[in-house]
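Student: This is the structure, below, for whatever I ask next.
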Amino acid sequence: MRFRHGILGMLALGALLAPPAQTSGRLVRVYGDVATADRVAVIVPGADITAETFDTGSHRPGGSARALLAEAADQSPGTRLAVVAWLGYDSPPTWSLKVMTDSSAGEGAQALRGMVTDLRRRTAAPIALLCHSYGSVVCAEAAASGLPIADLALVASPGVESPAATFSPARVWAGLGSDDWMRFVPKTKLGPLGFGQDPTDPAYGARLFDAGEAGHSDYFRPGSTSLRNLTRIALGHTEEVGRPPPGKTTTGP
């Protein structure tokens with residue numbers, strides 16, 4: 001299956017969407033040609049995303065994918081990057097009990113595993129998962145049982161249960177903007193509530209990247225520090241990824 005650069009293609013994978021996208025609010029689009037790509041990035045969004053809002057701004061999956069491609073073209077015009085904007089699960093509303101538990105993440109993780117496994121059969125290119133907020137919980141659960149990925153970026157995460165070493169040999173990255181309200185959310189797990197460790201805590205073991213002054217919806221904003229570094233992760237330019245400035249607080253208020 002081939003996708004031309006700039007064309008929004010539905011990723012028709014049997015394991016991906018059940019029930020169908022038009023009845024569940026799920027939607028997956030591919031930007032670029034997966035079959036000929038040098039690198040592939042998968043954007044996994046967090047809460048409050050629907051098929052109707054999929055393309056509304058750079059903080060939504062479609063807009064994030066386009067921003068990532070534009071930044072990649074500036075940084076490395078000779079690199080063929082394909083981006084999968086993946087809403088393959090029922091994203092929970094922000095103001096709901098579901099967003100405080102991993103019930104939606106478990107279902108999403110199973111779907112994400114199926115998609116990445118199928119994607120690997122279609123391309124030999126390294127795959128990076130870029131996972132925002134509640135999407136980081138989905139990605140962590142999916143990758144904990146093993147996924148053929150090169151990089152896992154946990155962005156604005158409410159916490160993850162598995163330590164970074166769990167995902168080896170994938171490189172694990174974590175970033176949190178200085179203006180993101182997520183830094184005030186306790187990173188813990190108490191019974192069914194919460195998600196676990198803060199991946200931006202140095203003790204977690206992730207590679208920290210500089211997310212600048214990003215607010216919770218700003219990580220793929222064109223021109224931002226966070227987008228530049230997420231693009232470098234997607235491109236595999238790991239030595240160019242900016243680290244948080246010395247003394248900068250990555251966790252807590």
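Only the coordinates and a few stated rules stand behind these numbers; no lab work does. Being a predicted model, the structure only gives us computed values, none of them experimental. Cβ coordinates were reconstructed from backbone atoms using ideal geometry, including for glycine residues, and neighbour counts include every protein chain displayed.
Student: Multiplying the sequence separation of residue 52 and residue 213 by 0.36 nm and subtracting their Cα-Cα distance, what value in nm do you get? Please list the in-between numbers first.
Tutor: Working: separation 161, 0.36 × 161 = 57.96 nm, distance 2.82 nm.
Full-extension gain reported as 55.1 nm.
Student: Give me the distance in nm between label points sitting 7 Å out from Cα along the Cα-to-Cβ direction at residue 70 and residue 243, one decimal.
Tutor: Result for the modelled spin labels: 3.1 nm.
Student: Once you have the Cα-Cα distance between residue 201 and residue 161, take 0.36 nm times their residue separation minus that, and quote the gain in nm to one decimal. List each step's numbers first, then the result.
Tutor: Working: separation 40, 0.36 × 40 = 14.40 nm, distance 1.31 nm.
The span from residue 201 to residue 161 would gain 13.1 nm if fully extended.
Student: Taking amide hydrogens as modeled 1.01 Å from N in the peptide plane, which residues meet the under 5 Å criterion relative to residue 48, leaving out close sequence neighbours?
Tutor: It is 94, by chain and number.
Student: Based on the alpha-carbon gyration tensor of region 140-253, what equivalent-ellipsoid semi-axes (square roots of 5 times the eigenvalues) come out, in whole Å, largest first? Present the calculation step by step, with values, prior to reporting the outcome.
Tutor: Details: eigenvalues 85, 70, 28 Å².
Equivalent-ellipsoid dimensions as semi-axes: 21, 19, 12 Å.
Student: Name the long-range amide H neighbours of residue 173: under 5 Å, sequence gap of 5 or more, or other chain; modelled H, no Pro or chain starts.
Tutor: For residue 173, whose amide H was placed from the backbone, the distant partners under 5 Å are 152, 153, 154, 207.
Student: Taking the Cα centre of region 139-253 as origin, sum charge times position over the Cβ atoms of Lys and Arg (+1) and Asp and Glu (-1), and report the length of that vector in debye to the nearest 20. Before the final figure, lay out each step's value.
Tutor: Details: 10 positive and 12 negative charges, 16 e Å.
So the magnitude is around 80 debye.
Student: If we sort 235-243, 173-181, 160-168 on the protection proxy, mean other Cβ atoms within 10 Å, highest first, what's the order? Mind dumping the intermediate values first?
Tutor: Numbers: 235-243: 15.8, 173-181: 21.7, 160-168: 18.1.
Peptide ranking by packing, descending: 173-181, 160-168, 235-243.
Student: For residue 87, enumerate residues with amide H under 5 Å from its amide H, sequence gap 5+ or separate chain, H modeled in the peptide plane.
Tutor: 27, 28, 29
Student: For region 199-215, take each phi angle, set θ = phi - 60°, evaluate the Karplus expression 6.51 cos²θ - 1.76 cosθ + 1.60, and give the result in whole Hz per residue in order, putting x for glycine and proline.
Tutor: Residue by residue, region 199-215 yields x, 8, 6, x, 5, 5, x, 7, 7, 7, 10, 6, 9, x, 9, 4, x Hz.
Student: Between residue 118 and residue 188, what is the label-to-label distance in nm when each label sits 7 Å out along the Cα-to-Cβ direction?
Tutor: Going from the residue 118 label point to the residue 188 one covers 4.1 nm.
Student: Considering the options 70, 124, 162, tell which one lies farthest towards the positive end of the dipole of region 69-180, charges being +1 on Lys and Arg and -1 on Asp and Glu at the Cβ, about the Cα centre.
Tutor: Toward the positive end, the furthest listed residue is 124.
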